[in-house]
1. Just one of (1) buried (at least 17 other Cβ atoms within 10 Å of the Cβ); (2) closer than 30 Å to Ile482 by Cβ; (3) aliphatic (A, V, I, L, M) trips up Leu338, so point out which.
2. Check segment 274-295 and report whether any residue there is of a type in the set (Ser, Thr, Tyr) and under 20 Å from the mean Cα position of the chain (by Cα).
3. Taking the residues in segment 459-491 that are open to solvent by 60 Å² or more (accessible area, probe 1.4 Å) and assigned to a loop (DSSP other than H, G, I, E, B) as candidates, determine which candidate is nearest to Leu374 (Cα to Cα).
4. Can you tell me which residues in segment 443-478 are in contact with an Asp or Glu (Cβ under 8 Å, 6 or more places away or on another chain) and under 15 Å from Trp287 (Cα atoms)?
5. Of the conditions (1) farther than 16 Å from Pro166 by Cα; (2) in contact with a helix residue (DSSP H, G or I) (Cβ under 7 Å, 6 or more places away or on another chain), Phe223 satisfies every one except a single condition; which number is it?
6. For segment 29-56, give me the residue count where each residue is in a helix (DSSP H, G or I) and buried (at least 24 other Cβ atoms within 10 Å of the Cβ).
7. Quick check, is Ile324 modelled with pLDDT under 85 and closer than 27 Å to Ser36 by Cβ?
8. Hey, among the residues in segment 221-256 that are among the basic types (Lys, Arg), in a helix (DSSP H, G or I) and more than 16 Å from Gly111 (Cβ to Cβ), which one's most open to solvent (accessible area, probe 1.4 Å)?
Amino acid sequence: MDKPQKDSPVDNKMTDSGKKKQPVTACLLSAAFFGSLGSSFLYGYNLSVVNAPALYIKAFYNKTWIERYGEPIGAETATLLWSITVSIFAIGGLLGALSVSFIIRVLGRKGTLLANNSFAVIAALLLSLGEKAKSFEMLIIGRLIMGVDSGIALSALPMYLGEISPRHIRGSIGQFNSILICLGVFTGQVLGLPELLGQESRWNYLFTFLALPALLQLCVLPFLPESPRYLLMERRDEAGAERAFQRFLGKTDVSEELEEVHAEARAQDNLHTVSVLQLLKGPAVRWQLITIIVTMACYQLCGLNAIWYYTNGILREAGFAENILPYITLSTGAIETLAAIISGLVIEQIGRKPLLIFGFSAMALFFSLLTVFLNFQDSVSWMPYLSYICILAVIASFCSGPGGIPFVLTGELFEQSYRPAAFMIAGTVNWLSNFAVGLLFPFIQETLQTFSFLVFVVVCVSGSIYLCVVLPETKSKTFQDISQSFAKINKIPVPSPGQEMELVLSIKPDTCEKVQDVVKMESSF
């Protein structure tokens with residue numbers, strides 16, 4: 001217990017600057033890719049997959065209604081059923097986000113991702129067999145279950161990626177989440193082309209495809225390690241954590257990484273996972289929580305989802321034939337994916353904060369230009385082309401930072417004991433905001449017409465200002481360093497390295513189990 005601290009935050013920074021960065025291992029890349037393939041890829045795929053077969057699905061609903069009730073489905077009923085089919089995905093996402101904290105506590109990060117594949121497989125069966133069973137209810141329930149899968153995935157995956165990554169590439173590895181979302185959207189657009197599965201006789205195979213990424217993840221992820229931070233801090237399995245660090249980092253001596261986790265454990269107010277209520281009441285993380293709520297709300301309310309309402313209309317105004325619209329729309333998915341990849345490559349050089357502020361600011365600029373171009377669209381023949389360029393620029397701006405970094409930040413701004421509850425709150429804000437956009441934008445569009453995008457300009461500008469004032473840069477910092485950067489604004493004193501043990505022991509002096517755990521961890525050095 002008298003042994004001096006090996007790595008204070010300052011020492012860590014000095015060590016990092018003086019040593020060669022470790023190469024990225026195949027184990028780490030495999031965990032990032034296959035973890036994202038069965039999780040965020042499916043979320044992105046489900047955002048776009050219903051667009052191509054929409055007419056065929058509506059025709060199936062009408063045919064089924066006639067067979068059941070002997071008359072065509074009413075226009076209002078048809079609209080209601082289709083609206084439920086589309087929007088219930090967000091309801092499922094909210095249910096998944098609300099349950100993720102409990103599931104992660106029981107199954108761990110990797111275990112949650114693996115168990116989550118069962119939802120994807122069940123949803124794929126319901127969605128692909130609904131037509132054969134003559135049941136549109138199966139499609140609606142399948143979309144709900146797929147939403148649950150996405151709600152769990154968008155919390156469990158960023159948490160897993162953030163905890164398995166060395167801090168000098170934590171942002172780049174975390175951006176696999178965003179890249180695979182964009183790739184999923186693009187894949188849904190490609191498979192929905194008329195030459196592939198976007199036909200009346202093949203549309204159900206678009207949903208059968210959902211099972212493939214889930215099965216691929218089930219084949220690979222069991223052979224990769226669990227989060228070493230979870231093993232050490234929550235399962236007290238130091239040997240397992242050491243083996244996991246060794247495989248992810250590709251080196252034998254991982255004492256520095258283990259000590260970093262131990263130092264974080266010593267500095268935390270609570271060595272056990274806190275509840276959502278405790279997180280909401282805790283003054284030590286108040287501004288971290290506000291920052292994540294604001295960032296996640298802006299992620300959905302910045303207007304990217306609404307941009308799809310205008311894309312096809314602008315393309316028609318530009319004179320593109322109806323039969324080539326699906327191919328031109330592919331450019332939006334391609335731009336999304338390319339911008340997300342570039343963001344992943346530069347995030348460790350530029351940082352999270354500049355990319356977020358740039359992304360929201362650029363979106364505000366191009367939404368403003370789009371509003372101008374839409375108002376002159378009928379008077380100038382080439383104006384629709386500028387509108388379409390603005391749409392592509394908005395998409396690229398979103399994916400350059402706001403499209404993925406909010407998930408990275410949620411994992412970085414909170415230490416281990418707060419993280420599951422933080423992701424639950426972030427996921428809830430994410431899905432409620434998603435639902436709000438889908439519910440309110442048609443009314444905004446009807447009221448404001450071409451000026452509706454100015455609402456999103458206000459959101460983007462407000463988000464940029466908040467992030468500029470409050471958010472510290474988090475690249476290459478330990479979770480403990482990041483937590484301490486909020487200490488002043490939270491009005492929490494920053495303990496010196498020599499006070500870390502006294503801080504932990506003084507918080508719950510009557511809790512013997514925590515004291516014994518800390519002593520056990522210290523003696524293992």
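1. Single failed check for Leu338: (1).
2. Checking segment 274-295: at least one residue is of a type in the set (Ser, Thr, Tyr) and under 20 Å from the mean Cα position of the chain (by Cα).
3. So, considering only residues that are open to solvent by 60 Å² or more (accessible area, probe 1.4 Å) and assigned to a loop (DSSP other than H, G, I, E, B), the one nearest to Leu374 (Cα to Cα) is Lys475.
4. Of everything in segment 443-478, just one residue is in contact with an Asp or Glu (Cβ under 8 Å, 6 or more places away or on another chain) and under 15 Å from Trp287 (Cα atoms), namely Thr474.
5. (2)
6. Within segment 29-56, the first condition is being in a helix (DSSP H, G or I), and the residues that meet it are 29-37, 40-48, 54-56.
Checking which are buried (at least 24 other Cβ atoms within 10 Å of the Cβ) leaves us with 31-32, 35-36, 40-46.
Here the count works out to 11.
7. Taking the combined requirement at face value, the residue does not satisfy it.
8. Residues of segment 221-256 that are among the basic types (Lys, Arg), as a first pass: 229, 235-236, 243, 247, 251.
Next cut, in a helix (DSSP H, G or I) only: 229, 243, 247.
Adding the requirement that they be more than 16 Å from Gly111 (Cβ to Cβ) leaves 243, 247.
Numbers: Arg243: 139, Arg247: 116 Å².
Looking at the filtered set, the residue picked out is Arg243.
The values are calculated or read from the model by the stated rules, or taken from the named source; none is laboratory data. Every value quoted in this text rests on a predicted model; they were computed, and no experiment measured them. Here the Cβ is made from the backbone with ideal geometry for all residues, glycine too, and neighbour counts use every protein chain on show. Ligands, DNA and RNA are excluded from the accessible area calculation, which covers all protein heavy atoms including side chains. Shrake-Rupley method; radii C 1.70, N 1.55, O 1.52, S 1.80 Å.
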